[in-house]
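The values are calculated or read from the model by the stated rules, or taken from the named source; none is laboratory data. Being a predicted model, the structure only gives us computed values, none of them experimental. In this analysis, Cβ positions are derived from the backbone assuming ideal geometry, glycine residues included, and neighbour counts consider all displayed protein chains.
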């Protein structure tokens, strides 16, 4: 499931630019306060570009590399215009809010995103929806993903409103890979518990009679 959802890569793409931005923010703030924002934005943006370039060279999906790059570039543009360091994270916070709504909405309309993404990656098309146990498991597990995006939105949004860019960057990193790992573990356990004894498993949906 981790490979299907691109967990390691997406978490790394979200983490490294933020780390570069915060480190530059702290270091430059001590040695060259007048240049702190331009230097920090350059550090975060160049790191994001380097990560996207590395992903492309390594043969990973170009779409994933671009999606990881957009929040950084968007945030850098906003911060450059407003002169507020915390705006570097504004687009990412909005993206988390949109993701929380998308995951929640997908469950309500009967297309839980965890099932859509995993089923597509496993080339199952809509077979997983015909399996009532697997469908129920995907729906329950998707709530955890919706909750994780909502948690990021609330926590990061509060720090953004408090104008604490360094703490915002640190918490953003803390809520990337560690939180994603926890949600993946919980999702897997929820899916397994949803399947009755004798079920062939995630890779083999069983249509109801």
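Within region 115-124, is even one residue more than 21 Å from residue 190 (Cα to Cα) and buried (at least 21 other Cβ atoms within 10 Å of the Cβ)?
No.
Here residue 74 meets the list (1) closer than 15 Å to residue 14 by Cα; (2) at pLDDT below 90; (3) surrounded by 13 or more Cβ atoms within 10 Å (Cβ to Cβ) almost entirely, failing just condition (2).
Of note, residue 147 does not satisfy the criterion of being at pLDDT below 90, out of contact with any strand residue (DSSP E or B) (no Cβ under 6 Å at 6 or more places or on another chain) and closer than 30 Å to residue 196 by Cα. Comparison of 121, 150, 146 shows that the only residue that is farther than 30 Å from residue 87 by Cα and touching a residue at least 24 places away in the same chain (Cβ under 8 Å) is 121. Look at residue 95 and say whether it is within 24 Å of residue 25 (Cβ to Cβ), modelled with pLDDT of 90 or more and buried (at least 21 other Cβ atoms within 10 Å of the Cβ). Taking the combined requirement at face value, the residue does not satisfy it. Summed over region 68-109, residues that are under 16 Å from the mean Cα position of the chain (by Cα), closer than 30 Å to residue 136 by Cβ and free of Cβ contacts under 8 Å to residues at least 40 places away in the same chain total 4.
What number of residues within region 13-27 are in contact (Cβ under 8 Å) with a residue 12 or more places away in the chain and farther than 15 Å from residue 79 by Cα?
Residues meeting the conditions: 8.
Taking the criterion of being within 23 Å of residue 68 (Cβ to Cβ), assigned to a helix (DSSP H, G or I) and touching a helix residue (DSSP H, G or I) at 6+ places or on another chain (Cβ under 7 Å), the residues of region 168-190 that qualify are 168, 169, 170, 171, 172, 173, 177, 179, 180, 183, 184, 187.
Entry remark, region 9-37: residues being assigned to a helix (DSSP H, G or I), touching a helix residue (DSSP H, G or I) at 6+ places or on another chain (Cβ under 8 Å) and closer than 22 Å to residue 86 by Cβ number 20 in total.
Report whether or not residue 50 is without any contact (Cβ under 8 Å) to a residue 60 or more places away in the chain, under 23 Å from the mean Cα position of the chain (by Cα), under 30 Å from residue 191 (Cβ atoms) and surrounded by fewer than 14 Cβ atoms within 10 Å (Cβ to Cβ).
No, not satisfied.
Within the option set 106, 120, being more than 27 Å from residue 72 (Cα to Cα) and assigned to a helix (DSSP H, G or I) holds for one residue only, 120. Specify the residue that is surrounded by the fewest Cβ atoms within 10 Å (Cβ to Cβ); the eligible residues are those in region 143-167 that are in contact with a helix residue (DSSP H, G or I) (Cβ under 8 Å, 6 or more places away or on another chain) and in a loop (DSSP other than H, G, I, E, B). For region 143-167, the residue satisfying everything is 163. Restricting attention to region 191-205, the residues being part of a loop (DSSP other than H, G, I, E, B) and either closer than 19 Å to residue 116 by Cβ or at pLDDT below 85 (or both) number 6.
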